[in-house]
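*Asks:* The structure's right below; bear with me while I get my questions together.
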Amino acid sequence: MNEQRKTVVITGASRGIGHYTAKCFLERGWQIITCSRDEVPVECLRDPNWTSHIPADLSDPESVAEFVAAVNEQLGDDPLHALINNAGLSPKTPYKERLGCLNGDLDIWKEVFEINFYSALRLSRGFAAALHRGKGAVVNITSIAGHRIHPFAGSAYSISKAALSALTRELANEFAALDVRVNAIAPGEIETEMVGPEYEVLIPRIPLDRMGSPADVAGTIYYLCSDDARYVTGTEVWVTGGQHLF
């Protein structure tokens with residue numbers, strides 16, 4: 001590892017917000033360690049700053065533990081400056097219908113919570129020492145759906161994101177003793193693979209009158225990991241174009 005460049009771990013980096021976040025940090029000279037269920041796109045591996053990509057199944061606690069061990073071995077005694085808990089799962093029916101509390105398989109609920117909630121807890125704990133060495137930052141990606149009923153996001157997803165918001169506060173309190181800041185970002189309607197044509201009906205509810213882009217979220221994530229946010233912790237930042245106001 002290069003001690004003169006900062007290092008960030010990003011989950012769910014093969015597409016959407018995670019992929020743009022990786023590009024954002026790369027453009028600013030950070031070393032990147034990523035994980036996802038999929039292999040990272042080939043074009044990104046051509047970037048010499050991309051330190052490594054480790055496929056991992058965040059729904060499997062053993063796979064998470066293996067990922068933590070691999071990253072910590074790679075880091076050695078070097079610091080980790082940021083952890084971005086971005087990976088998320090929002091299951092729907094085969095007809096893309098919302099799964100509620102009554103029609104959602106409980107095994108799917110368990111998988112959603114493993115990926116959306118428990119992996120963030122496990123990774124934060126697993127990298128606590130390295131983050132302490134780097135006086136780093138943790139950013140959890142929550143959702144507007146964690147704060148209100150959403151017409152398309154299912155109950156398991158929404159409730160897991162609400163739990164992640166609460167976890168952010170608890171971690172911020174405990175990690176302060178390690179000189180590590182913990183914040184969250186709650187995106188609204190962001191144009192990614194998770195968003196279909198049906199989301200167009202939500203645009204009139206957004207004061208900025210458009211959906212957000214993954215780059216809009218990535219820039220805010222970077223800010224929370226930068227020295228400009230050195231006195232910001234325990235905060236959840238809305239990246240919704242104002243949708244959360246109503």
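The values are calculated or read from the model by the stated rules, or taken from the named source; none is laboratory data. Every value quoted in this text rests on a predicted model; they were computed, and no experiment measured them. Ideal geometry is used to build each Cβ from the backbone, glycine not excepted, and the neighbour counts take in all protein chains shown.
*Asks:* Scanning for something of a type in the set (Phe, Trp, Tyr) and within 17 Å of SER160 (Cβ to Cβ), does region 85-107 turn up at least one residue?
*Replies:* no
*Asks:* Give the residue, chosen from ARG210, ARG181, that is over 16 Å from the mean Cα position of the chain (by Cα), of a type outside the set (A, V, I, L, M, F, W, C) and at negative phi.
*Replies:* Values: ARG181 fails: over 16 Å from the mean Cα position of the chain (by Cα).
ARG210 is the lone residue from the list that is over 16 Å from the mean Cα position of the chain (by Cα), of a type outside the set (A, V, I, L, M, F, W, C) and at negative phi.
*Asks:* Which of the residues that make up region 70-119 are free of Cβ contacts under 8 Å to residues at least 24 places away in the same chain and of a type in the set (Phe, Trp, Tyr)?
*Replies:* Selection gives TYR95 alone.
*Asks:* Restricted to region 209-246, and to residues that are among the hydrophobic types (A, V, I, L, M, F, W, C) and free of Cβ contacts under 8 Å to residues at least 60 places away in the same chain, which residue is surrounded by the most Cβ atoms within 10 Å (Cβ to Cβ)?
*Replies:* VAL239
Conditions tested, residue by residue: (1) in a helix (DSSP H, G or I); (2) touching a helix residue (DSSP H, G or I) at 6+ places or on another chain (Cβ under 7 Å); (3) over 25 Å from PHE113 (Cα atoms).
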site: SER165; (1), (2), (3): yes, yes, no
site: ALA172; (1), (2), (3): yes, no, no
site: ALA177; (1), (2), (3): yes, no, yes
site: VAL182; (1), (2), (3): no, yes, no
site: ILE203; (1), (2), (3): yes, no, yes
site: TYR222; (1), (2), (3): yes, yes, yes
site: GLY234; (1), (2), (3): no, yes, no
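*Asks:* Do the conditions hold for GLY136, that is, is it within 29 Å of PRO94 (Cα to Cα) and more than 13 Å from the chain's Cα centre (by Cα)? Quick ask: steps written out before the conclusion?
*Replies:* On the way: within 29 Å of PRO94 (Cα to Cα): no; more than 13 Å from the chain's Cα centre (by Cα): yes.
Taking the combined requirement at face value, the residue does not satisfy it.
*Asks:* Follow-up question, since we're still on this one. Select from region 152-172 the residues that are touching a strand residue (DSSP E or B) at 6+ places or on another chain (Cβ under 9 Å) and among the aliphatic types (A, V, I, L, M) and list them in ascending order.
*Replies:* Passing the criteria: ALA153, LEU164, LEU167, LEU171, ALA172.
Listed here are the residues, each with its yes/no results for (1) touching a Cys at 6+ places or on another chain (Cβ under 7 Å); (2) within 15 Å of ILE84 (Cα to Cα); (3) modelled with pLDDT of 85 or more.
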{"position": "TYR157", "(1), (2), (3)": "no, no, yes"}
{"position": "VAL180", "(1), (2), (3)": "no, yes, yes"}
{"position": "ARG210", "(1), (2), (3)": "no, no, no"}
{"position": "GLU236", "(1), (2), (3)": "no, yes, yes"}
{"position": "VAL239", "(1), (2), (3)": "no, no, yes"}
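*Asks:* Something else now. Could you say which residue among ALA156, ALA176, ALA163 is in contact with a Phe, Trp or Tyr (Cβ under 7 Å, 6 or more places away or on another chain) and surrounded by fewer than 20 Cβ atoms within 10 Å (Cβ to Cβ)?
*Replies:* It is ALA163.
*Asks:* Restricting to region 45-73, what's the tally of residues that are buried (at least 17 other Cβ atoms within 10 Å of the Cβ), modelled with pLDDT of 95 or more and either of a type in the set (Val, Ile, Thr) or more than 20 Å from the chain's Cα centre (by Cα) (or both)?
*Replies:* The qualifying residues number 3.
*Asks:* Does at least one position in region 129-144 carry a residue that is crowded, with 17+ Cβ neighbours inside 10 Å, farther than 21 Å from THR220 by Cβ, touching a helix residue (DSSP H, G or I) at 6+ places or on another chain (Cβ under 6 Å) and touching a residue at least 24 places away in the same chain (Cβ under 8 Å)?
*Replies:* Yes - at least one qualifying residue is present in region 129-144.
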